[in-house]
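Worksheet: one structure, shown below.
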Amino acid sequence: IHHLAYVPGLDYLVSYWTPRMSRFEHINKVVMFGLQGLIKEHLIDAFNENFFNRSWDELEAEYKRVIAHTMTVQASDTSEMKKLYDLGYLPIQIKAVPEGTRVNIKTPMFEISNTVKGFGWLVNYLETYISVNIWQPMTAATIAYGYRELVTKYFDLTVENGVPSSACGDFSMRGMVSKDSAYKSSAGHLLSFTGSATIGSIMWLEDFYNCDCTKEVVGKGVPSTEHSVMSSYGRDGEFECYRHLIEDVFVDGPLSIVSDTYDYWNVL
C-alpha cells in the first residue's frame, strides 16, 4: 500500500540493509551471508512462479479480496502492481559487500534501488520479504564464526591431531520451525564448520551457491543410530546390536551410536 502513501512523483528510491546493533559486547561484526540465495530462490524463482507467470485476472482478484478485507478497500488499489506485472520482472539493482565478509555493526551490507523510473515504491516494498529470508543465515553464520574462533583457540592449546572445522556439528532439522529455516541455519553453520546432519542444506548450497559436494567438501554427515534402532534388538540384545553395527554394517569410517537407550553406564 506504500505506493499510495509516498510523496507524489517519487520515481527512484535507494534503501540500505544495516546491522544496527549487537546485544552482546563481544560481537561487533555480522557475517554477510544469504543474499545470493535470496535473490535466486525468491526474487527470481518465487516471483516468476507466484506473480509474473500467473494470470493477471487471478492475481488481481486474490489481491483485492485479501487486502480489501484486511486493510480497507482503499488499500487494495492494484494500479502499480499492474504496471509491475506488465513490465515482467523486478526492476531492482542490489549492490553488496562480498558474501562471507564480516561487516561492522552500523555499516551497510548492501543497498537496493530501482532501475526503471516510477518504481521507487517497489524498493521498500521488498524490505520485509528480504529481511525474513536473510536474517537467519546471517545470524547463524555469525554465531558459527564465534564458535569457530573459540574452538580454534582451544584446539591450538590441547589437540595434536585434528582440524577445528570438524569440531562442531549442526542439527538444525531437530531445532528449527521448518525445513527452509533448517537449511538456511545449517548453511550459515557450514561457513565455519564442515559437520552437519542437515543434508538438505548441502543441496540448498549447491542450488544457490554453485558448489558440488562430489567435487569439494560442502558439508559432512555421520551415519547415526537412534533409540528406535538400539531398542529394536531388545535390552538383552544390546551387545549384539553394537557388534552388528561395528563389525557387519559400518566397517569403515565414522559411526555415531546412541548409547543411553537403557543404561549408559551399563553400556560402558
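The table for this structure:
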item: Residue in region 36-48 that is surrounded by fewer than 13 Cβ atoms within 10 Å (Cβ to Cβ), at pLDDT 95 or above, within 30 Å of the chain's Cα centre (by Cα) and of a type outside the set (Val, Ile, Thr) present; result: no
item: Of all residues in region 223-239 being open to solvent by 80 Å² or more (accessible area, probe 1.4 Å) and acidic (Asp, Glu), the one that is nearest to Ser259 (Cα to Cα); result: Glu226
item: Helices (runs of 4 or more DSSP H) wholly inside region 1-105 containing at least 2 residues that are free of Cβ contacts under 8 Å to residues at least 60 places away in the same chain, more than 18 Å from Gly188 (Cα to Cα) and of a type in the set (Val, Ile, Thr); result: 56-71
item: Subset of region 49-106 [under 30 Å from Tyr145 (Cα atoms) and touching a helix residue (DSSP H, G or I) at 6+ places or on another chain (Cβ under 9 Å)]; result: Ile94, Ala96, Glu99, Gly100, Arg102
item: Ile134, sole failed condition from (1) open to solvent by 20 Å² or more (accessible area, probe 1.4 Å); (2) of a type outside the set (D, E, K, R); (3) in contact with a Leu (Cβ under 6 Å, 6 or more places away or on another chain); result: (1)
item: Filtered residues of region 54-92 (kept if under 25 Å from Tyr12 (Cα atoms) and among the hydroxyl-bearing types (Ser, Thr, Tyr)); result: Tyr63, Ser76, Thr78, Ser79, Tyr85, Tyr89
item: Only listed residue being touching a Ser or Thr at 6+ places or on another chain (Cβ under 9 Å) and exposed (fewer than 14 other Cβ atoms within 10 Å of the Cβ), chosen from Arg65, Arg54; result: Arg65
item: Residues of region 242-268 satisfying the condition of being within 37 Å of the chain's Cα centre (by Cα), in a helix (DSSP H, G or I) and surrounded by 13 or more Cβ atoms within 10 Å (Cβ to Cβ); result: Tyr242, Leu245
item: All helices (runs of 4 or more DSSP H) inside region 126-222 with 2 or more residues being of a type in the set (A, V, I, L, M) and within 27 Å of Ser22 (Cα to Cα); result: 127-158, 179-189
item: Yes/no for Ile27 being under 21 Å from the mean Cα position of the chain (by Cα), closer than 25 Å to Ser131 by Cβ, among the hydrophobic types (A, V, I, L, M, F, W, C) and open to solvent by 60 Å² or more (accessible area, probe 1.4 Å); result: no
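The values are calculated or read from the model by the stated rules, or taken from the named source; none is laboratory data. Bear in mind that the values here come from a model prediction, so they are computed numbers and not experimental data. Heads up, the Cβs are rebuilt from the backbone with ideal geometry, glycines too, and the neighbour counts pull from every protein chain shown. We work out accessible area using only protein heavy atoms, side chains counted, and drop any ligands, DNA or RNA first. Shrake-Rupley method; radii C 1.70, N 1.55, O 1.52, S 1.80 Å.
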